[in-house]
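Heads up: the structure comes next, in structure tokens.
The values are calculated or read from the model by the stated rules, or taken from the named source; none is laboratory data. Note that the coordinates shown come from a computational prediction; the quantities given were computed from them, not determined experimentally. With ideal geometry, Cβ positions are generated from the backbone for all residues, glycine too; neighbour counts draw on all protein chains shown.
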Amino acid sequence: MRDKRFVAVHRGGLLAKENHHRLIRWARECSEHVLPLIGGNIDARLTHALFIAEEWENGNVPTGHAMKASLGAHTAARDSSDPVAIAVARSIGHAVATAHMADHSLGAPLYALKAVKHAGKSVDEEREWQNRRLQRLPPEIVELVLDTMQKKMKSMKIQ
């Protein structure tokens, strides 16, 4: 069962529309921050998904477009054999999927941390970067995200 605090008000949950939009922005920023780790040619499905996430955030595209873009990013992950590129693609897939279900916003920073770890960079520095941006959200959302991420980090073996 999904945590009602991540479910949009119009779906019977507690998440205000503004906070849903704030969560997708934060998730998108986390994904964009690690995109350069791929280097070289970046799959167009990934840049398209980031574009759609921003467009949804601004109210310019429907959720269905975001869901399709998410599938494209996850397909890009499956098409790759590079662990860094896979984690970045999964991060982007979750960021844009936030339009559909806000708790997908957690997948974006978690997979971003996984990408950083695979790239041999500092996971602690990336987590600090993510948390600084997260602080722009209302305190109740920050607390919810941090608590939930702690639990998920253990299961993803990121720590």
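Brief remarks follow.
Every residue, every condition in (1) in contact with a helix residue (DSSP H, G or I) (Cβ under 7 Å, 6 or more places away or on another chain); (2) crowded, with 20+ Cβ neighbours inside 10 Å; (3) closer than 20 Å to Glu126 by Cα, yes or no:
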| residue | (1), (2), (3) |
| --- | --- |
| Thr47 | no, no, no |
| Ala73 | yes, yes, no |
| Ala85 | no, yes, yes |
| Ala89 | yes, yes, yes |
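- Residues within segment 42-62 that are in a loop (DSSP other than H, G, I, E, B), without any contact (Cβ under 8 Å) to a residue 40 or more places away in the chain and over 19 Å from Glu18 (Cα atoms), tallied: 1
- Residue within segment 94-105 that is touching a residue at least 40 places away in the same chain (Cβ under 8 Å) and acidic (Asp, Glu) present: yes
- Residues satisfying the stated conditions in segment 10-45, i.e. among the small types (Gly, Ala, Ser) and at pLDDT below 95: Gly12, Gly13, Ala16, Gly39, Gly40
- The set of residues in segment 128-139 that are farther than 14 Å from Ser105 by Cα and free of Cβ contacts under 8 Å to residues at least 24 places away in the same chain comprises Glu128, Arg132, Gln135, Pro139.
- Flag if Ala115 is surrounded by 24 or more Cβ atoms within 10 Å (Cβ to Cβ), in contact (Cβ under 8 Å) with a residue 60 or more places away in the chain and part of a loop (DSSP other than H, G, I, E, B): no
- Qualifying residue in segment 71-92 (condition: out of contact with any Gly (no Cβ under 9 Å at 6 or more places or on another chain), more than 19 Å from Met149 (Cβ to Cβ) and at pLDDT below 95): no
- Taken together, the residues in segment 129-146 that are under 16 Å from the mean Cα position of the chain (by Cα), in a helix (DSSP H, G or I) and of a type outside the set (Phe, Trp, Tyr) amount to 10.
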